[in-house]
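Colleague: Take a look at the following structure, please.
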Amino acid sequence: MLARETQNKAMHWLGRQLSNHENPTTWLDPLIARINPMWVQAYTPARVEQVVQETADTRTFVLRPARRWGGFRAGQHVNICTEIDGIRRNRTFSLSSSPLLWETQGLVTLTIKRLPGGLVTNWLHDHVEPGTVIGLGEAFGEFLIPDPAQPVLFIAGGSGITPILSQLETMAAQDYRAPVTLLYFVRSDRDVIAGEKLRALASRYPALTLEIIHSDDGDVPRILNGEDLDKVPGLRGRQVYLCGPGGLMDLAGDLLHQRGVSEDRIHSTFFAPPAPAQLQDTEVGGQVTFARSDVRVGSEGDANLLEIAEAAGLTPQYGCRMGICHQCSCRKTSGTVINRLTGEVSGPGEENVQLCISVPRGPVSIDV
Amino acid sequence: MKKLNETQLQELEQDLNAIRDEVLADLGERDAQYIRRIIRLHRTLEIGGRVLMPFGFIPPLFVAATASLGIAKILENMEIGHNVMHGQYDWMNDPDLHSQTYEWDTVCTGDSWRRTHNYEHHTYTNVIGKDRDYGYAVLRLSDEEQWKPRHSLQFINYILLSVLFQWGVGLHELESEKLHRREIRWRDKLPFLKEFARKGGRQAFKDYIFFPLLTLPVAPIVLAGNVGANLIRNLWSSTVIFCGHFTQDAETFSEEECEGESKGHWYLRQLTGSSNFTGGRWLHILSGHLSYQIEHHVFPDLPAHRYPEISEKVQAVCRKHGIHYNTGSFAKQYGTVLNRIFRYSLPDGIRARLEGGEAPQAI
């Protein structure tokens, strides 16, 4: 959940008695949202101050979260929520600004690329303008700069640069005393996100070696190769951070292993949900994680989540088993499911599903 | 019950599914705005009622405050709580409107309601012996239950049940009739009783202790107003709910005819076992759109404010399949409910003579 708990236990208890709400602070939200959306309690509201066009398909959203927001460390991400056609959508994005900007000016930035067919990223590009309020959760993630300072190698691809922008700016501001190299892969010059900012950073922060590589300029794609890594001084002594498309991350992992960089020095963070594959109706099933019970099982065919849970020895609440009574509704925290009745495919984010009519498509995590 | 063969039942299922799919495909902004508007109205009325109540020593303000709080409770129970808990707004993905975690402003816990109402009543609608909502184990309303002397006073029981409706609903899952017949033991019901005491205690604390004490000098007035508001809600919700299944033509079913039934048969049972009443827009809203009980029973998880919009289509499906669509004015439908409660309180012989027909075979 995106909401923060109230601190005062007695008031919280009383609020629950009076409002019948588990989180009584949200009881007045529907009224308050009308008066001032920045007072909503269900999440930390953040007002969009400015929208900056980075490339043809990437924008940076400058946000001013309500002051109660807990802040973040460079490299972390946040869940944002926004309502699109009546449906609350939650998605995770990396914070691209330095924590200093939050501490000094109360601002944070998200740099977001349009995903082809992506519901939320496209909506953000098409509908968000200065003044729009979106919801923010607390920051999380372990993609953090080593402390104390150690030599660092960043390998980024496309919009995977976003958490690294935050880290580099923080390092420059701290005058981080260790060599830092960034290998940044983009299709072409037009696709460089925050190019000016990166070049300005490199010139004022001498520890940074910046290399922007255009993969599509020549006839043959110019991908990451062994030479790129061999040029990095003291490669084996570096902490390596990977953020980019799956192909780049896998390749980088292999090349680093070949060069003897140990596993515990390689850090990667997720970058984007896998592109929606065109699956046949028969290609369903996948790894199902029942998070609260700490149970993980594989499933094949069109077994629904309720059957899968029961086969795994769990006893989730259920009723009609035909999609009527919603007794088995619970939260899906990630992954895609198909509604057996409608054939409709869910989004990848956190939402409610009815177990008895939901068939997993690929890995799914359920709060059961 | 109207008999349809398997092919006809399949066709019925497809016809009704088509209506459902059309609404599902159209869910969005409008539905979210509707329920939020009702929630805003509820919050405003509840706060207004609570703030005004201490000034209840001025009679018109007492009436206004009590009505305001009573209507707030009605809106919260009928149009928000009942409908949210059916999963009508789960698709909005708003944690505050999630069917499985919603808790409402009445004695019955959300969990108990979800078990007894969403599952038992909506799955086994009007199946005598399976649907414990049919007569609430207090009233005899069908020939399938044999007359016993205690039934002769059931009209008094009905009035008591209406006045204390939230407590009756709260205790429904106790299954007192099964305890009485020793089919279950008190020990089995301890977890339920604990939950009941917790929630009942919470509701009584709020309305009968906390708010009166908060305004100590006028505590009796606040207490009286809060009792009044709960009473208004109790009488209204009981009346609406009784109009849903206990009207003249609402049918009942036996366990045998429902064994291993198809979805089409389930649909047929919902159509013939439920009854609507007509009225203005606010009558529908205050009834939580249970005035469209037929539509509600066929599509319990479609947002209720959609029922008036799809009613024409449901009626067309009923006409096509020759199924009686049971509706009438609120007064007429409620009249048949009172009549039914009264008639079934009489021994079969007397009732038959009153109705001028043959006494039905005792079961």
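Colleague: Does any residue in the range B:303-332 that is over 21 Å from B:Ile38 (Cβ atoms) and aliphatic (A, V, I, L, M) come within less than 7 Å, Cβ to Cβ, of a residue that is at pLDDT below 95 and part of a loop (DSSP other than H, G, I, E, B) six or more places away or on a different chain, and which pairs are these?
Modeller: As it stands, the answer is B:Ile323/B:Lys2, since those pairs meet every condition given.
Colleague: Continuing with this model, one more query. Considering only the range A:198-242, state which residues are in a strand (DSSP E or B) and over 23 Å from A:Glu263 (Cβ atoms).
Modeller: A:Leu208, A:Thr209, A:Leu210, A:Glu211, A:Ile212, A:Ile213, A:His214
Colleague: Among residues belonging to the range B:66-105 that are among the polar types (S, T, N, Q), under 21 Å from A:Ser329 (Cβ atoms) and more than 10 Å from chain A (Cβ to nearest Cβ), point out the one that is surrounded by the fewest Cβ atoms within 10 Å (Cβ to Cβ).
Modeller: Applying the first criterion (among the polar types (S, T, N, Q)) to the range B:66-105 yields B:66, B:68, B:77, B:83, B:88, B:93, B:99-101.
From the residues that got through so far, the ones that are under 21 Å from A:Ser329 (Cβ atoms) too are B:77, B:83, B:88, B:93, B:99-101.
From the residues that got through so far, the ones that are more than 10 Å from chain A (Cβ to nearest Cβ) too are B:77, B:83.
Working: B:Asn77: 23, B:Asn83: 27.
Residue satisfying both the conditions and the ranking: B:Asn77.
Colleague: Among the residues of the range B:133-144, count how many are in a loop (DSSP other than H, G, I, E, B) and touching a residue at least 40 places away in the same chain (Cβ under 8 Å).
Modeller: First pass over the range B:133-144, keeping only residues in a loop (DSSP other than H, G, I, E, B): B:133-134, B:138-144.
Checking which are touching a residue at least 40 places away in the same chain (Cβ under 8 Å) leaves us with B:133-134, B:139-144.
Within the range B:133-144, residues that are in a loop (DSSP other than H, G, I, E, B) and touching a residue at least 40 places away in the same chain (Cβ under 8 Å) number 8.
Colleague: Kindly provide the set of residues from the range B:43-61 that are among the aliphatic types (A, V, I, L, M), surrounded by fewer than 20 Cβ atoms within 10 Å (Cβ to Cβ) and within 14 Å of chain A (Cβ to nearest Cβ), ordered by number.
Modeller: B:Ile47, B:Val51
Colleague: Name the one entry in B:Pro212, B:Pro220 that is away from every other protein chain (no Cβ under 14 Å) and either over 19 Å from the mean Cα position of the chain (by Cα) or among the charged types (D, E, K, R) (or both).
Modeller: The conditions single out B:Pro220.
Colleague: On to the next question. Residue check: is B:Phe277 among the aromatic types (Phe, Trp, Tyr) and either touching a Lys or Arg at 6+ places or on another chain (Cβ under 6 Å) or more than 25 Å from B:Asn118 (Cβ to Cβ) (or both)?
Modeller: no
Colleague: Sticking with this structure for a sec: Yes or no: the range B:281-301 includes at least one residue that is among the hydrophobic types (A, V, I, L, M, F, W, C), touching a strand residue (DSSP E or B) at 6+ places or on another chain (Cβ under 6 Å), within 14 Å of another protein chain (Cβ to nearest Cβ) and assigned to a helix (DSSP H, G or I).
Modeller: Looking for residues that are among the hydrophobic types (A, V, I, L, M, F, W, C), touching a strand residue (DSSP E or B) at 6+ places or on another chain (Cβ under 6 Å), within 14 Å of another protein chain (Cβ to nearest Cβ) and assigned to a helix (DSSP H, G or I), one finds none in the range B:281-301, hence no.
Colleague: Restricting to the range A:16-40, and then to whatever is touching a residue at least 12 places away in the same chain (Cβ under 8 Å) and either of a type in the set (S, T, N, Q) or touching a Cys at 6+ places or on another chain (Cβ under 8 Å) (or both), can you tell me which residue is farthest from the other protein chains (Cβ to nearest Cβ)?
Modeller: Among those that are touching a residue at least 12 places away in the same chain (Cβ under 8 Å) and either of a type in the set (S, T, N, Q) or touching a Cys at 6+ places or on another chain (Cβ under 8 Å) (or both), it is A:Thr25.
Colleague: Would you check which residues across the range A:341-353 are touching a residue at least 12 places away in the same chain (Cβ under 8 Å), more than 12 Å from A:Val364 (Cβ to Cβ) and at the interface with chain B (Cβ under 8 Å from one of its Cβ atoms) and list them?
Modeller: A:Asn352, the sole residue that qualifies.
Colleague: Determine, yes or no, whether A:Pro45 is in contact with a helix residue (DSSP H, G or I) (Cβ under 7 Å, 6 or more places away or on another chain), more than 15 Å from A:Pro163 (Cα to Cα) and surrounded by 20 or more Cβ atoms within 10 Å (Cβ to Cβ).
Modeller: Working: in contact with a helix residue (DSSP H, G or I) (Cβ under 7 Å, 6 or more places away or on another chain): yes; more than 15 Å from A:Pro163 (Cα to Cα): yes; surrounded by 20 or more Cβ atoms within 10 Å (Cβ to Cβ): yes.
The answer is yes for A:Pro45.
Colleague: Filter the range A:326-340 for residues that are more than 12 Å from chain B (Cβ to nearest Cβ), among the hydrophobic types (A, V, I, L, M, F, W, C) and not in a strand (DSSP E or B) and give the result.
Modeller: Residues satisfying the conditions do not exist here.
Colleague: Sticking with this one: Which residue pairs have Cβ atoms under 9 Å apart, sit 6 or more places apart or on different chains, and have a first residue in the range B:110-123 that is at the interface with chain A (Cβ under 7 Å from one of its Cβ atoms) and a second that is assigned to a helix (DSSP H, G or I) and among the aromatic types (Phe, Trp, Tyr)?
Modeller: Cβ pairs passing all conditions: B:Thr123/B:Trp266.
Colleague: State which residue pairs qualify: first residue surrounded by fewer than 23 Cβ atoms within 10 Å (Cβ to Cβ) and inside the range A:182-196, second residue in a loop (DSSP other than H, G, I, E, B) and small (Gly, Ala, Ser) in any location, beta carbons under 6 Å apart, and separation of 6 or more residues or different chains.
Modeller: Matching pairs, first to second residue: A:Arg187/A:Ser215.
Colleague: Follow-up question, since we're still on this one. Quick check on my filter: what residues within the range B:302-335 are assigned to a helix (DSSP H, G or I) and among the hydrophobic types (A, V, I, L, M, F, W, C)?
Modeller: Within the range B:302-335, B:Ala304, B:Ile310, B:Val314, B:Ala316, B:Val317, B:Cys318, B:Phe330, B:Ala331 meet the criteria.
Colleague: Turning to a different aspect of this structure: Name, by its number, the condition in (1) within 14 Å of chain A (Cβ to nearest Cβ); (2) assigned to a helix (DSSP H, G or I); (3) modelled with pLDDT under 95 that does not hold for B:Lys130.
Modeller: So the condition that B:Lys130 fails would be (2).
Colleague: Right, A:Leu18: of a type in the set (A, V, I, L, M), more than 25 Å from A:Ser94 (Cβ to Cβ) and at pLDDT 95 or above or not?
Modeller: yes
The values are calculated or read from the model by the stated rules, or taken from the named source; none is laboratory data. In this text, all values refer to a predicted model and were calculated from it rather than measured experimentally. Glycine gets a Cβ as well: all are built from the backbone with ideal geometry, and neighbour counts include every protein chain shown.
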